[in-house]
Amino acid sequence: MTTPAIEATGLAKRYGATTALDGVDLVAEPGTVLGVLGPNGAGKTTAVRILSTLLRPDAGTARVGGLDVVADAAAVRRTIGLTGQYASVDEDLTGTQNLVLIGALLDLSRREARRRAAELLEWFDLSDAASRPAKTYSGGMRRRLDLAASLVGRPSVIFLDEPTTGLDPAKREEMWDVVRRLVTDGATVLLTTQYLEEADALADEVSVVDHGRVIAHDTPTGLKRVVGGQRLTVRTADQADLADVDAVLRGVAASGGEVASPQRGVLSVPVSADDALARTVSELAGRGLAVTELSLHLPSLDEVFFTLTSARTQGAGEKAEPSADRSQPLLEVSQ
């Protein structure tokens, strides 16, 4: 069997009366992205700091690359890269100087360090800014330089602690591409994030953390099924047709499913039959009902997160109602 790249069991960490971690288990297989999802204060950063040897756990064990993070801390540091929530580069040094400095700290020769710096600057599209002080870089450029610094030693395991915090959507997409390339090159990535769509876009598996505990773990698709399967959503072309479209959706609804109207002119219903979409299209056409949007989708991770955390807050046996307008389409037809 393959040894997990990251394996933590029962991690606990307390700061006085505050419990940051309360028995956290995490596993990431080699060459995958493990998303650790949770709100501020959930314990994500504390877990990363333990796994990267910056903190000692009060209880539990953790291994990275098969090495114990406490007993073999020095060896672990030689195999990992870490990018925190905020860029930690020296603003007075140039891009090249920052990376060469990291190379020197990793015992690379000056020639090796300069070669690696040039390689990473090109990889992160920073070659044109290589001789400029980092303080002249944009926020997105600094984040890319910070990530480049964590890769100087060619780590096999990379910890990214909310790497897209403060970036605009376009810059976040750039960072997502970087993460995908890292995994393609064989690295294992643990990614903490508050952005649910980020975990959805990048993670092979997701652990949801709340109040220092892992409250759910699965693939993004598996987690989405927590809130009850697929939904069919229709936007009518004519408000006068709402009653007729409502009748069509009632005919394909899953057992016990109710038609909801999350927005004006939009109707949505949970479905379970494989042919629900085809039946709806046929019935709408047969009745001459025009629509401007028709989509079949799983719930989004937003719905999963709110369902899980609401259930934890409200107590066992209670569930939050999933909102019908936060979904990511699996299939969408629009005019």
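Points worth noting:
- Listed by first and then second residue, the pairs with beta-carbon distance under 7 Å, at least 6 apart or on different chains, first residue in the stretch 39-60 and closer than 23 Å to SER156 by Cα, second aromatic (Phe, Trp, Tyr), are VAL48/PHE159; LEU51/PHE159; SER52/PHE159.
- Count of the stretch 1-44 residues which are more than 26 Å from THR307 (Cβ to Cβ), more than 22 Å from the chain's Cα centre (by Cα) and of a type in the set (S, T, N, Q): 3
- Scanning the stretch 111-142 for residues that are buried (at least 19 other Cβ atoms within 10 Å of the Cβ) and in contact with a strand residue (DSSP E or B) (Cβ under 8 Å, 6 or more places away or on another chain) yields a count of 1.
- Assessment of the stretch 52-64 against the conditions (among the hydroxyl-bearing types (Ser, Thr, Tyr), surrounded by fewer than 22 Cβ atoms within 10 Å (Cβ to Cβ) and modelled with pLDDT under 95) yields no matching residue.
- Residues being under 17 Å from VAL291 (Cα atoms) and in contact with a strand residue (DSSP E or B) (Cβ under 6 Å, 6 or more places away or on another chain) - total across the stretch 263-275: 5
- Candidate set from the stretch 9-38 (those that are free of Cβ contacts under 8 Å to residues at least 60 places away in the same chain and at positive phi); member that is surrounded by the fewest Cβ atoms within 10 Å (Cβ to Cβ): GLY16
- Inside the stretch 145-189, residues that are over 15 Å from the mean Cα position of the chain (by Cα), more than 24 Å from ARG115 (Cβ to Cβ) and part of a helix (DSSP H, G or I) make up a count of 2.
- Condition check for ARG279: at pLDDT 90 or above and buried (at least 18 other Cβ atoms within 10 Å of the Cβ): no
- Filtered by the rule that a residue be outside any loop (DSSP other than H, G, I, E, B) and surrounded by 13 or more Cβ atoms within 10 Å (Cβ to Cβ), the stretch 282-297 gives GLU283, LEU284, VAL291, THR292, GLU293, LEU294, SER295, LEU296, HIS297.
- From ARG115, ARG49, residue being within 24 Å of the chain's Cα centre (by Cα), of a type outside the set (Asp, Glu), at pLDDT 95 or above and part of a helix (DSSP H, G or I): ARG49
The values are calculated or read from the model by the stated rules, or taken from the named source; none is laboratory data. None of the values given here were measured: they were computed from a predicted structure. Methodologically, a virtual Cβ is constructed for each residue, glycine included, from the backbone with ideal geometry; neighbour enumeration extends over all protein chains shown.
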